[in-house]
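Take a look at the structure set out below.
The values are calculated or read from the model by the stated rules, or taken from the named source; none is laboratory data. A quick note: this is a predicted structure, and the numbers were derived from the prediction, not measured. Counting neighbours? That spans all protein chains shown, and the Cβs are built from the backbone with ideal geometry, glycine included. What goes into the accessible areas is simple: the full protein's heavy atoms, side chains included, and nothing from ligands, DNA or RNA. Shrake-Rupley method; radii C 1.70, N 1.55, O 1.52, S 1.80 Å.
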Amino acid sequence: MYLLPTVFLLSLLTSCKNSDERSTVVDKPITIQPVDSSTACISGQEAGPYQRFYRPQQGFVGDPMPYYNASDKKFYLFYLYENANRHPIYSTRTSDFGTFEGYTEVLSSGAVGSQDEWIGTGSFIKKGTVYYCFYTGHNSVFTPAEKIMLATSTDLMNWTKQPAMALQAAVGYDRNNFRDPHVYWDEGRNAYVMLVTTRKDGKGILARYQSTDLSSWSMIEPLVATTGTVEKYGIETDAELLECPDLFKMGNKWYLLFSRINRDEHRKTFYRIADSPDGPWMICRDAEGHHETFDGLYLYAGKTASDGTTRYLSGWCSTGQTVNNNNELPWAGNLISHQLVQGTSGQLYPKIPEALNSKFNKEVAFEKLSSVGQVSESNKTYRLSAQSGGRSYALFNRNTSTVKMTMTIDASQSNQFGFSFGACDDPTEVYSIAFDLTSSNRWNMPALFMNKEARNGGGSKTALNFTPLTVPTNRIFNLKISIEKSICVVYVNDRVAFTNRIYKMDQNPWTIFVDQGTVTVNGLKVEKSS
């Protein structure tokens, strides 16, 4: 076991009780935690609250409905509370997406037999001194099963339902799938506009309504997510519902966000770009490729809020690792938020929120415990070359607290490398974050994968998650990896975010590996919150 020395701090204590007392010097020992060099597997049993990736102590975060309140300069993260309770709306608050406060029910689900016996996703907006919450009322025994409903408040915490507002689908629209209202102010129309997730003529679309007073609504032409031919990785307008829509302006561009229930393995939050809130809505293209998603399969129902300077995307990460018979991950989990940065061509890039990044400011000791294959180390710089028979890797000690790992990887001589978690003394199963810089994978493009692997890369692999990867010309990757319990979020070059749920990761050793060519790892640092 590698042990660090005990450090003594000389503290000067000055007393101001009276002029006769003198300062004294006291030796106070501060013990730096030693590196745990054991490799025995620990079964991840999560206990205690999450600090960085918010989740209520009991229950889980469903679809977030973020709202920025200028009065107290805080973001209110409203969400559907999942705890076998028909999804009332709860709230937590943050000023920086690094720390969260509060756990409060703000809108209860309706009585059994009422239209809003179950509550569905909505949005929040302020007019004058009144806050408006437009939400979905769902009761599957009714026809229509879903209606758009309203509650109002003067303080964002105490809400009164307004039963006179119960908007249902018009003739020709799907009466039982009519939900997720998003309301925004449209300067061009000098009116409020509401988007509603539904179908028309068997195709998933966003119905639109407009109002001058947030009370009386008239239908206008609907929106579709794509125009023209089907893209290689795009979405044609078909029977799929475009859930949890969001629409906003950033710079001189307009953005439409939506999440797709299911299309093969593309169950994600997408975005489209336009020069007008009326569209046409297209996939953003630039020299780096096309941009239409923010993350992988583990960030769903993403919606945004801005304080006028910075915009944040918030969604939920499922509690599960594998999909069900409907090819869907279990609903609800932890709150995940990314800061959005606008590129020169209008593309939106996710990055770690600045406040969250700065929370990790205390370095943690780490050690390479062992290695397999061609691995060399010099002053915490690691060079790994794949063996003729496959993977080379360096094994590092377990992390016993919430941490952020940063490093730079030079992959100018490699196409396949990454990290594996759960690399303990039972190597029959690990979970890897794999970088594939080729276009020869199943998606025909460079991508990040989260794989369940047998025998640490030497056996079968099952892809559980993926997201397209932007590869810089110099093939140098600056990484920030935030880890809390079973949540792992990888940020790459402030261009790509990749959220994963890995239960075996918590409290167990991890590796850096290379499967092809050679990589060099510089500046590896592990930090926790002070």
Problem set entry | Wholly enclosed strands (runs of 3 or more DSSP E) of the stretch 238-338 bearing at least 1 residues farther than 19 Å from residue 466 by Cα | 242-250, 253-260, 269-274, 284-286, 300-306, 311-318
For this session: Return the residue satisfying two criteria in turn: it lies in the stretch 172-204 and is surrounded by 22 or more Cβ atoms within 10 Å (Cβ to Cβ) and of a type in the set (A, V, I, L, M), and of such residues it is farthest from residue 306 (Cα to Cα).
Result: 196
Seminar exercise, completed: The lone condition residue 142 fails out of (1) more than 19 Å from residue 210 (Cβ to Cβ); (2) in contact with a strand residue (DSSP E or B) (Cβ under 8 Å, 6 or more places away or on another chain) is (2)
For this session: Would you tally the residues in the stretch 316-346 being open to solvent by less than 10 Å² (accessible area, probe 1.4 Å), at pLDDT 95 or above and either out of contact with any Leu (no Cβ under 8 Å at 6 or more places or on another chain) or under 26 Å from residue 275 (Cβ atoms) (or both)?
Result: 4
For this session: Would you mind stating whether residue 64 is in contact with a Ser or Thr (Cβ under 6 Å, 6 or more places away or on another chain) and crowded, with 23+ Cβ neighbours inside 10 Å?
Result: yes
Exercise. Could you list, in sequence order, the residues of the stretch 161-193 that are farther than 21 Å from residue 69 by Cβ and either among the aromatic types (Phe, Trp, Tyr) or assigned to a strand (DSSP E or B) (or both)?
Worked result: 163, 164, 165, 166, 167, 173, 178, 179, 180, 186, 191, 193
Exercise. Is there a residue being more than 15 Å from residue 270 (Cα to Cα) and among the charged types (D, E, K, R) anywhere in the stretch 289-304?
Worked result: no
Problem set entry | Residues within the stretch 424-455 that are over 13 Å from residue 467 (Cβ atoms), among the small types (Gly, Ala, Ser) and open to solvent by 10 Å² or more (accessible area, probe 1.4 Å), tallied | 3
Exercise. Name the pairs: first residue in the stretch 192-217 and farther than 21 Å from residue 130 by Cα, second residue assigned to a strand (DSSP E or B) and among the charged types (D, E, K, R), Cβ to Cβ under 6 Å, at least 6 apart or on different chains?
Worked result: 197/179; 197/180; 197/243
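Rundown of residues vs (1) open to solvent by 10 Å² or more (accessible area, probe 1.4 Å); (2) under 26 Å from residue 294 (Cβ atoms), yes/no style:
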site: 475; (1), (2): yes, yes
site: 484; (1), (2): no, yes
site: 506; (1), (2): yes, yes
site: 520; (1), (2): yes, no
